[in-house]
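This report refers to the structure that appears directly beneath it.
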There are 2 protein chains.
Amino acid sequence: MTIDADRGILKHVLNDVADLDRVFHALADPGRRQMLERLGRGPASVSELGRPLSMSLAAVVQHVQILEASGLVRTQKVGRTRACSLEPVTLRSAEHWLSERRTLVERRLDKLGEYLAETADRAASDDDHAPTQKENR
Amino acid sequence: MTIDADRGILKHVLNDVADLDRVFHALADPGRRQMLERLGRGPASVSELGRPLSMSLAAVVQHVQILEASGLVRTQKVGRTRACSLEPVTLRSAEHWLSERRTLVERRLDKLGEYLAETADRAASDDDHAPTQKENR
């Protein structure tokens, strides 16, 4: 995949509010996050994803469908099983939304810190040069 | 805030599964994301956050409470209003969870790409050096 294609998909994902609703909703469940953690280590079948979770296969299938609808997971029929894999572009789009907000806040906090440090320096230097009350008389 | 303190909070947030449930649940609503986008531009009162949204003040307050419980927003009583601001550490913890998964997948895809390129190179070079059928006879 070229970087341009990647950016194109990213832009599409970010532009669609409903897409981010689905992505964050999919991420809000601990069982689904556990499935994503497993897929981070490599593709897996639906039953492999369900193995460490104490739930019925029907429940596992439903979770996988939610993950697939969100774009976080891609599935492919391989013989009689369904192979699942993580979709990094969707992960990146959610990360991107978060980092944009965070960067804005951090930049403002940095500026505030600089301003306060400068003000403190100026106050200290004014104190050094200010004539004492005695000299003023 | 020092980097160590930042890491300490980050680790705490990441260790608590329920915390990430709350963070991603809070992010799954378009109205709440709009509030976070507004707070990305600077602190705001609850009523300022609600102004662009077509909902009652009671509904706005409820959304702010969900954002506050998730740790994405901090609020502070200032006179008769409540000032809200974004909490970058919580944004970073969600980003971190996503980027860990994404990096694992991307690294594996890169390795697969390298392997395929090497295999293709070797096949091409084998073809160059292989005796033709005519020479074999």
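Kindly establish whether A:E68 is within 15 Å of B:S99 (Cα to Cα), at pLDDT 95 or above and surrounded by 13 or more Cβ atoms within 10 Å (Cβ to Cβ). Before the answer, list the steps.
Values: within 15 Å of B:S99 (Cα to Cα): no; at pLDDT 95 or above: yes; surrounded by 13 or more Cβ atoms within 10 Å (Cβ to Cβ): yes.
Here the answer is no, as A:E68 does not meet what is asked.
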**Condition met for A:L10 (at pLDDT 95 or above and under 27 Å from B:R32 (Cβ atoms))** = no
**Request:** Could you check, for the range B:101-120, whether at least one of its residues is among the hydrophobic types (A, V, I, L, M, F, W, C), in contact with a Lys or Arg (Cβ under 8 Å, 6 or more places away or on another chain) and modelled with pLDDT under 95?
**Result:** yes
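Can we say A:V23 is away from chain B (no Cβ under 14 Å) and modelled with pLDDT of 95 or more?
Values: away from chain B (no Cβ under 14 Å): no; modelled with pLDDT of 95 or more: yes.
When the stated conditions are applied, A:V23 does not pass them.
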**Message:** For A:L86, only one of the following conditions fails: (1) buried (at least 20 other Cβ atoms within 10 Å of the Cβ); (2) within 14 Å of another protein chain (Cβ to nearest Cβ); (3) over 15 Å from B:V105 (Cβ atoms). What is its number?
**Reply:** (3)
**Asked** Quick one: A:T90 ticks every box in (1) out of contact with any Leu (no Cβ under 8 Å at 6 or more places or on another chain); (2) of a type in the set (S, T, N, Q); (3) assigned to a helix (DSSP H, G or I) bar one, so which box is it?
**Response** (1)
**Where A:R80 falls short, out of the listed (1) farther than 23 Å from B:A26 by Cα; (2) under 24 Å from the mean Cα position of the chain (by Cα); (3) loosely packed, with under 14 Cβ neighbours inside 10 Å** = (2)
**Message:** Being buried (at least 19 other Cβ atoms within 10 Å of the Cβ) and touching a residue at least 40 places away in the same chain (Cβ under 8 Å) is the filter here; which residues of the range B:93-111 pass it?
**Reply:** B:S93, B:A94, B:W97
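The values are calculated or read from the model by the stated rules, or taken from the named source; none is laboratory data. As the structure is a computational prediction, the values presented were derived from the model and not from experiment. Every residue, glycine among them, receives a Cβ derived from its backbone with ideal geometry; neighbour counts consider all protein chains shown.
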